[in-house]
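Undergrad: Handing you a structure now.
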Amino acid sequence: MRRILLVTAGLLALSCAGRTKTPAAGSPAAIPEVARVVIPGLEPRPGEVVTEYDLDRDGRTEVWKYSVYDPDGKQIVVRKEKDLNGDGRIDTWEGYAPDGSLTLLVHDLDFDGKPDVTLTYEKGQLVKKEYALGFDGRSRSWAFFEKGKLVRKERDTNGDGKVDYWEYWENGEIDRIGVDLDGDGQVDRWEARKAGDKGETSPASTSKAADKGETTPASTPDAAGPAGKQ
């Protein structure tokens with residue numbers, strides 16, 4: 001009876017431990033049974049070693065850790081992939097700097113296998129959020145941060161691949177808004193939005209828009225958070 005218990009304990013320990021695999025030369029460290037999307041900036045590297053983790057002991061891997069060896073022979077983690085809901089698709093991607101700090105974090109919010117939100121970090125601080133909430137997978141909304149504070153938002157409201165709406169933030173509130181009315185990627189009209197302002201347009205920048213008789217779109221999607229696919 002004691003021998004059976006010892007064997008069982010050993011098997012459980014093995015199921016929780018990471019399984020390390022080294023891919024053949026010239027081939028990516030990919031696991032064929034899981035659908036994968038290559039994230040820009042997180043492409044497979046030559047000589048990667050992948051370690052698999054079965055966190056819930058169901059016999060299927062949920063986390064893949066990719067490492068490379070530096071010139072001194074030290075193993076360095078460069079990226080991770082996670083299947084959080086067990087549907088066979090990766091839904092979280094992570095990139096790491098040589099010092100171990102997080103550089104990129106990507107989430108698939110609706111579990112369709114495509115990235116929806118990308119967070120970029122520099123020296124451990126968030127510097128950019130990028131939203132690709134349309135079914136085409138293209139980013140249409142960006143938020144930029146400095147020292148942990150939101151400073152600017154940009155949006156592509158018509159899906160033509162060009163930013164046409166800008167928000168500049170100061171002290172947690174919108175300072176001014178810029179709108180591109182003719183699709184050339186340049187601001188045609190500025191609007192002041194500080195507390196106490198009436199939201200009037202800047203006289204110095206309204207002449208171009210006034211000549212065309214165009215106005216700002218009545219509403220634009222909010223880049224602050226993913227409300228759903230657009």
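Undergrad: Within the range 95-133, restricting attention to residues that are among the small types (Gly, Ala, Ser) and either surrounded by fewer than 18 Cβ atoms within 10 Å (Cβ to Cβ) or at pLDDT below 95 (or both), which residue is nearest to Gly161 (Cα to Cα)? Full working, then the answer.
TA: Within the range 95-133, the first condition is being among the small types (Gly, Ala, Ser), and the residues that meet it are 95, 97, 100-101, 113, 124, 132.
Now restrict to residues that are either surrounded by fewer than 18 Cβ atoms within 10 Å (Cβ to Cβ) or at pLDDT below 95 (or both): 97, 100-101, 113, 124, 132.
Working: Ala97: 30, Gly100: 34, Ser101: 31, Gly113: 22, Gly124: 29, Ala132: 12 Å.
This residue is Ala132.
Undergrad: Being free of Cβ contacts under 8 Å to residues at least 12 places away in the same chain and under 24 Å from Lys129 (Cβ atoms) is the filter here; which residues of the range 55-105 pass it?
TA: Matches in the range 55-105: Ala97, Asp99.
Undergrad: Give the residues of the range 142-189 that are crowded, with 19+ Cβ neighbours inside 10 Å, in contact with a helix residue (DSSP H, G or I) (Cβ under 9 Å, 6 or more places away or on another chain) and not aliphatic (A, V, I, L, M), sorted by residue number.
TA: Gly178, Asp188, Arg189
The values are calculated or read from the model by the stated rules, or taken from the named source; none is laboratory data. Quick caveat: nothing in here was measured; it's all calculated off a predicted structure. FYI the Cβ positions are ideal-geometry reconstructions off the backbone, even for glycines, and counts take in every protein chain you see.
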